[in-house]
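Visitor: Pasting a structure below so you can have a look.
The values are calculated or read from the model by the stated rules, or taken from the named source; none is laboratory data. Since this is a predicted model, take the numbers as computed values, not measurements. Cβ placement follows ideal geometry from the backbone for every residue including glycine, while neighbour counts extend to all protein chains displayed.
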Amino acid sequence: MSGEAILMRNFGRSDSHTIRAYVETGGYQGWAKARSMEPTAIVDEVKRANLRGLGGAGFPTGTKWSFIPKNHTGPVYLVINADEGEPGTFKDRYLLERDPHALIEGMLIAARAINSAKGFVYIRGEYVEPWRRFSTAVREAYEAGHLGKGLDIVVHRGAGAYICGEETGLISSLEGKKGWPKLKPPFPAIKGAFGAPTIVNNVETLSHVPHIINRGAAWFAGLGTKSQGGTRMYSVSGRVVRPAVYEAPVGITLRQLIYDRAGGVTGNGRLKAVVPGGSSAAILTADEIDVTMDVDGLKNAGTMAGSAGVIVMDETVSIPEALMVVARFYAHESCGQCTPCRESTGWIYKMTRRIVEGRGQKDDLDTILDVAKRGAGTTICAFYDGAVGPYISYIEKFRAEFEALIPHA
């Protein structure tokens, strides 16, 4: 399996965030090539590359671009989701800090593909240094003439709301409204930011686009699996020897990522469980890690690739305590718009905390599972469906550990 770094190829340079370093390593060559291509040809190339969204949903990128109405004559907006609020995920942060021009070049190409003259980059409020670095890169791109001649970019800072990582909630916040998700349809490609057709893409997703245009769809598709091309950046944390961001082909297995890249398990050295795609991904046990880390590979394993935030737990980790932390997060971050999410996340956190504190009741576990399963699929956005992943999987796979804390269970 190839170990070639694509997105992280410049991370070792101290000046990797500058336009000079980016150009020296082939930067903006993809944009130069794309300017001579028809928009439909760019879309088709990205489709053939099997580039899938790397922010959570894993939807095919080129297909998403093709949803913009063909006969539309008004403005079209390109919005970049740089909110990165998923616990256990910290890869977009490094792209914004260490290779911001890759995103700018990706935006230039994507904007040509969808006929957009205005791009917005919505950066998480806590990401102060990434915001500074990216804002400087935008100024450099204007000074070099890459921006301002067909595409303008607005850098917008959020205020630290997890719900604004959901694309319609992000758009609402961008418009100056409360960050509440909206019912779909209409989808953003039909009616998005300021009522205009809008494409929302993740930072890492668009950072791949210049390389696809430069080196071809066949090359990129060949790096991955049958249904997903290329590499992606995996945020590996928890009980591992070398916690870090690792770039690898999406066909890498979870076992290889933990043991070959991250150096194996610390603590008592015995793996207990892994969260493979950020906190909302269903947990995997130690005997379920021989699975490829692409979208379909993890889906077939009953979990999801999500944001590729890999959280490793050894046998000293308390699964009930881990669930309590996750449940507290979702209870705090629910926007409150939908009753099942607003009420259930709070109830489940309280019940989980009660169990951890030794005050659990016999029926608590079944109640949590029942509430979680009943609420799934009943809300405006996927927030609650994401929260359900850990609620159900932690209890179903480690039920005995929860029962041991409940008197007379």
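Visitor: Given the criteria in contact with a strand residue (DSSP E or B) (Cβ under 7 Å, 6 or more places away or on another chain) and crowded, with 24+ Cβ neighbours inside 10 Å, does Thr231 qualify?
Guide: Spelling it out, Thr231 is indeed in contact with a strand residue (DSSP E or B) (Cβ under 7 Å, 6 or more places away or on another chain) and crowded, with 24+ Cβ neighbours inside 10 Å.
Visitor: Can you tell me which residues in region 126-140 are β-branched (Val, Ile, Thr) and either surrounded by fewer than 21 Cβ atoms within 10 Å (Cβ to Cβ) or in a loop (DSSP other than H, G, I, E, B) (or both)?
Guide: Val128, Thr136
Visitor: Could you list, in sequence order, all residues of region 332-342 that are surrounded by fewer than 21 Cβ atoms within 10 Å (Cβ to Cβ) and either of a type in the set (S, T, N, Q) or under 21 Å from the mean Cα position of the chain (by Cα) (or both)?
Guide: His332, Glu333, Gln337, Thr339
Visitor: Among the residues of region 5-28, is any surrounded by 22 or more Cβ atoms within 10 Å (Cβ to Cβ) and among the acidic types (Asp, Glu)?
Guide: So far as region 5-28 goes, no, none of its residues is surrounded by 22 or more Cβ atoms within 10 Å (Cβ to Cβ) and among the acidic types (Asp, Glu).
Visitor: Name the one entry in Gly216, Gly238 that is within 25 Å of Pro87 (Cβ to Cβ) and either at pLDDT below 95 or surrounded by fewer than 24 Cβ atoms within 10 Å (Cβ to Cβ) (or both).
Guide: Going through Gly216, Gly238 in turn, the sole match is Gly238.
Visitor: Next question. Given the condition of a type in the set (A, V, I, L, M, F, W, C) and free of Cβ contacts under 8 Å to residues at least 60 places away in the same chain, answer yes or no: does some residue in region 89-105 qualify?
Guide: Yes, region 89-105 has at least one match.
Visitor: Something else now. Are any residues in region 129-157 small (Gly, Ala, Ser) and either modelled with pLDDT under 95 or more than 22 Å from Asp92 (Cα to Cα) (or both), and if so, which ones?
Guide: Passing the criteria: Ala144, Gly145, Gly148, Gly150.
Visitor: Listed residues Arg35, Arg52; which is surrounded by fewer than 15 Cβ atoms within 10 Å (Cβ to Cβ), basic (Lys, Arg) and in the same structural domain as Arg93 (by TED's automatic domain parsing)?
Guide: Arg35
Visitor: Next up: Suppose we filter Met313, Met293 for residues that are surrounded by fewer than 23 Cβ atoms within 10 Å (Cβ to Cβ), touching a residue at least 24 places away in the same chain (Cβ under 8 Å) and of a type in the set (A, V, I, L, M); which single one remains?
Guide: Step by step, each of Met313, Met293 is checked, and only Met313 is surrounded by fewer than 23 Cβ atoms within 10 Å (Cβ to Cβ), touching a residue at least 24 places away in the same chain (Cβ under 8 Å) and of a type in the set (A, V, I, L, M).
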